[in-house]
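The values are calculated or read from the model by the stated rules, or taken from the named source; none is laboratory data. Every value quoted in this text rests on a predicted model; they were computed, and no experiment measured them. Quick reminder, even Gly has a Cβ in these numbers, built from the backbone with ideal geometry, and neighbours come from all protein chains shown. Just the protein is used for accessible areas: all its heavy atoms, side chains included, with ligands, DNA and RNA removed. Shrake-Rupley method; radii C 1.70, N 1.55, O 1.52, S 1.80 Å.
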Amino acid sequence: MAQYFEVHPDNPQPRLLKQAAAMLKDGGILAVPTDSSYAFVCQLDNKQVVDRLRRIRQIDEKRMLTLLCSDLSQLASYAMVDNHQFRILKLGTPGPYTFILDATKEVPRRISHPSRKTIGLRVPDRKGLLMLLELHGEPLLSTTLIPPGETEPLNDPQEIRERFESQIELVVDAGPCPLEPTTIVDLTPMGAGGAPVVVREGRGPLAQLGL
């Protein structure tokens, strides 16, 4: 049965977040609030837990998962970024943006796009989640918390617990999320002198990125 932590949205309790980080290290899957919607998160380098995450969401390996980073300093190990791309990244982080970049060889193939060798990365603007990322010490793998067969993410942590209590280890309740998806921008064309491509316009305003 999933544990349930009530975490203050503005003053998260370090004790609870340390316990949550320990669960991640033990291979747990957590439901956490982000600055867009609730998401499932887990370790990125644990094949068994990544496979379990895909089974819970009923998504195959063609669906690219997103790396949640605590800050831009973590990007270098997972994505190839030039100066022009980095300027845009700085404008959109932390915030409700997902950036698609060329993955480095250090990124496990199971979490990058199988044909394009790209990875989606973002730095969320949610205090408790940023603290959790810092305590964990490395990026987390994430996917929007949309139940199988449905199209909208869940936003009630009590309902999340009821529907997934036998499948995950923890629900972090820090209040509702905006329920508006991230803006997705593909920065890979910039590596060849092209322009960024807006894949999806969401909560993050394009004007903030100069697009």
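Here are the numbers for the structure shown:
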quantity	calculated
Extreme residue, surrounded by the most Cβ atoms within 10 Å (Cβ to Cβ), among residues of the stretch 76-97 that are within 25 Å of Arg52 (Cα to Cα) and in contact with a strand residue (DSSP E or B) (Cβ under 8 Å, 6 or more places away or on another chain)	Ala79
Residue count, the stretch 48-69 (criterion: open to solvent by 10 Å² or more (accessible area, probe 1.4 Å), part of a loop (DSSP other than H, G, I, E, B) and in contact with a strand residue (DSSP E or B) (Cβ under 8 Å, 6 or more places away or on another chain))	3
Restricting the stretch 138-159 to residues that are part of a loop (DSSP other than H, G, I, E, B) and free of Cβ contacts under 8 Å to residues at least 60 places away in the same chain, the residue that is least open to solvent (accessible area, probe 1.4 Å)	Pro147
Test: Pro108 is at pLDDT 95 or above and either crowded, with 18+ Cβ neighbours inside 10 Å or farther than 19 Å from Leu209 by Cα (or both)	no
Candidates Ala195, Ala103, Ala174, filtered to the one that is at negative phi, hydrophobic (A, V, I, L, M, F, W, C) and open to solvent by 60 Å² or more (accessible area, probe 1.4 Å)	Ala195
Failed item, numbered, when Glu162 is tested on (1) under 25 Å from Val50 (Cβ atoms); (2) part of a loop (DSSP other than H, G, I, E, B); (3) out of contact with any strand residue (DSSP E or B) (no Cβ under 7 Å at 6 or more places or on another chain)	(2)
Among (1) of a type outside the set (A, V, I, L, M); (2) within 25 Å of Glu201 (Cα to Cα); (3) within 16 Å of the chain's Cα centre (by Cα); (4) open to solvent by 20 Å² or more (accessible area, probe 1.4 Å), the one test that Asp45 misses	(2)
Hey, Glu162 within 28 Å of Leu30 (Cβ to Cβ), without any contact (Cβ under 8 Å) to a residue 24 or more places away in the chain and more than 20 Å from the chain's Cα centre (by Cα) or not	yes
